[in-house]
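Below is one structure; the comments refer to it alone.
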Amino acid sequence: MDVEIPSLVIVGAYREDEVPDSHPLALHIRELEQMSIEFTAINVGNLSLSNVTSLVAEALRMEDNEGAVKPLAETVHKKTDGNAFFVLLFLRSLYDGQLIQYNFGTMSWRWDDEAVKAQLATENVATMLVNKLRRLNGATQNVLKVASCLGSRISPSAMAVLTDNIAPIELRRLSSSVADTSETDDDASVLDYSIHELETEGIWERDDAKDVWCFSHDKIQSAAFSLISPEKQDSFRGELGNILQKNLDPEDLEDSLFEVVSLRNCSAISDEGERRDLAKLNLRAGIKASDNAAFDSAGVYFIAGYKSLGSSGWAVDSQTMLDLCSEGSTACFVSGDLDMMNVFIMEVLSRDEIPIQDKYRVYQAKFMAAAAAGKLNDAIDCGLEFRRLLGVPFKLRNKPISIVTTLKEYIKTDHALKKMKTAEDIANLPELTDERIMMSQRMLGLLIPPVYTAQPTLFALLIFASVRSSLRFGIDANSCDAFGGYGVILW
């Protein structure tokens with residue numbers, strides 16, 4: 001039966017080769033690739049000079065006289081390279097600078113082509129955008145500084161929390177190298193006014209369906225972020241993340257978890273308690289990202305949490321360190337960061353004080369990495385070493401097995417099965433609860449594919465061991481594969 005997969009449309013403001021790794025578009029693309037979903041990139045090119053001429057003529061109500069606007073359109077096209085968003089920004093900048101004016105006597109627009117060229121000869125589009133933002137009300141600029149740190153989509157609840165909990169004087173101290181003398185107020189009405197001004201100026205758009213605000217263009221977000229003094233950008237973002245974590249209610253914090261953690265990760269922290277708190281927050285975000293199959297992002301959070309605890313992490317918080325390394329080893333394996341995967345694995349395996357059961361996840365990651373690289377014997381050795389350290393019965397070694405040994409193990413298994421009078425007796429076996437045996441059974445299940453290929457004479461012994469373990473200690477999800485494999489051997 002054919003299943004129709006609905007198409008997804010992702011619109012970005014970057015060329016495919018310019019999408020930053022941290023941009024939501026890049027994350028969406030990586031998630032689609034990990035899910036083996038095909039996607040097509042459609043390159044939307046810039047406007048040609050002819051297109052820009054038509055756009056400028058229409059904006060100035062001169063559609064019937066495009067020749068008159070062509071010199072102006074050529075200047076606009078040269079400055080913007082035909083980017084549609086920048087064309088409109090450039091025209092608005094000309095109007096704000098009174099280089100284009102409306103003549104009510106002739107009921108038409110007028111401008112001086114040479115003055116336009118001379119006035120804007122050294123001003124690029126990015127500078128114009130920053131200058132446009134600097135002309136906004138001082139309180140609105142402060143709102144923009146905060147919003148620029150929250151990403152391309154801004155939650156109203158997050159903005160309300162920040163404006164309620166950070167005083168204007170503190171905002172100026174954190175984000176500016178020069179005191180902002182414009183009048184500010186932390187009252188909610190100021191936020192409402194700022195939002196109205198941003199929407200009126202075309203800087204923000206409201207997405208009512210998702211109850212978020214969006215920057216009209218990624219370049220606006222970049223320009224707004226540049227309003228923050230460069231040497232204070234990291235500390236500013238870290239402080240915003242700290243405020244959000246402390247003041248968002250649990251539901252909103254969960255919705256904004258990735259944004260809050262990313263903000264907090266920006267600033268350096270020396271206090272041991274805060275480093276422990278940040279490590280736990282990264283662990284939480286990493287697990288959530290892994291649950292959503294966003295393993296690239298998950299790896300970033302696990303690594304950040306690991307670095308937050310630092311070289312003394314095991315002494316500061318051994319359980320969080322263990323969880324970060326264990327979860328991180330799997331996420332880094334899936335995302336292809338094998339160097340960091342090995343760092344996480346060695347961190348855990350080198351700690352003699354950690355019980356072997358707590359090392360299962362890193363052994364699993366080590367096993368999967370070896371198997372994926374085609375090093376099947378290394379994978380088998382890894383799995384069997386873990387079983388040996390568990391101290392479970394049914395010892396197995398990675399070596400060719402003689403027919404005599406196989407027959408002996410078969411007889412033992414057949415004898416154990418004959419004690420079960422019916423299939424119902426097997427089905428009614430108690431549920432496996434011994435954690436040590438459960439891990440051994442899971443590892444046996446992982447071992448079957450590489451053993452079948454690289455050491456086939458060992459295959460039957462794996463099945464016999466798993467069947468007898470189920471009969472002796474109880475059944476779990478892996479027992480089905482064990483009994484199924486036994487049936488294949490008999491067949």
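The values are calculated or read from the model by the stated rules, or taken from the named source; none is laboratory data. Note that the coordinates shown come from a computational prediction; the quantities given were computed from them, not determined experimentally. For accessibility, only protein heavy atoms count, side chains too; no ligands or nucleic acids. Shrake-Rupley method; radii C 1.70, N 1.55, O 1.52, S 1.80 Å.
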Exercise. Excluding ligands, DNA and RNA, what is the solvent-accessible area per residue of region 53-105 at a probe of 1.4 Å, expressed in Å²?
Worked result: 54 Å²
For this session: Could you tell me what percent of the accessible area of region 387-473 is made up of carbon and sulfur, with a 1.4 Å probe and every protein chain present?
Result: 58 percent
For this session: List the residues whose amide H sits under 5 Å from the amide H of ILE475, counting only those 5 or more places along or on another chain, with H placed 1.01 Å from N in the peptide plane.
Result: GLU431, LEU432
Problem set entry | Accessible area of region 250-323 divided out per residue, in Å², using a probe of 1.4 angstrom | 44 Å²
Exercise. Here are some pairs, LYS359/LYS399; LYS366/LYS395; LYS78/LYS145; LYS79/LYS132; which of them have Cα atoms lying more than 19 Å apart in this structure?
Worked result: LYS359/LYS399; LYS366/LYS395; LYS78/LYS145
Seminar exercise, completed: Along region 65-82, Karplus-curve 3J(HN,Hα) (6.51, -1.76, 1.60; θ = phi - 60°) to the nearest Hz, with x for Gly and Pro, reads 9, 5, x, 6, 9, 4, x, 5, 5, 5, 5, 4, 5, 5, 6, 9, 6, x
For this session: Quick one: which residues, 5 or more positions from ILE100 or on another chain, have an amide H under 5 Å from its amide H? H modelled 1.01 Å from N in the peptide plane, none for Pro or chain starts.
Result: TYR95
Problem set entry | ³J(HN,Hα) computed for each position of region 390-407 - Karplus, 6.51 cos²θ - 1.76 cosθ + 1.60, integer Hz, glycine/proline x | 5, x, 7, x, 6, 5, 10, 10, 7, 7, x, 10, 6, 5, 4, 4, 4, 5
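Using the Cα gyration tensor of region 382-474, with a ≥ b ≥ c the square roots of its eigenvalues, what is the shape: rounded (a/c below 1.5), prolate (a/b larger than b/c) or oblate (neither)? Mind showing how you got there, number by number?
On the way: a/c = 2.10, a/b = 1.26, b/c = 1.67.
It comes out oblate by the Cα gyration axes.
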Problem set entry | Residue-normalised accessible area of region 370-431, given per residue in Å² at a 1.4 Å probe | 67 Å²
For this session: Indicate the gyration tensor shape class of region 206-306 (rounded, prolate or oblate), computed on the Cα atoms with a ≥ b ≥ c the square roots of the eigenvalues: a/c under 1.5 is rounded; otherwise a/b larger than b/c is prolate and the rest oblate.
Result: oblate
For this session: Amide H neighbours of ASP337 under 5 Å, at least 5 residues apart or on other chains, H built in the peptide plane: list them.
Result: none
Exercise. Using θ = phi - 60° and the Karplus form 6.51 cos²θ - 1.76 cosθ + 1.60, what ³J(HN,Hα) does each residue of region 321-335 get, whole Hz, x for Gly and Pro?
Worked result: 4, 4, 5, 4, 5, 5, 5, x, 4, 5, 4, 5, 5, 5, 7
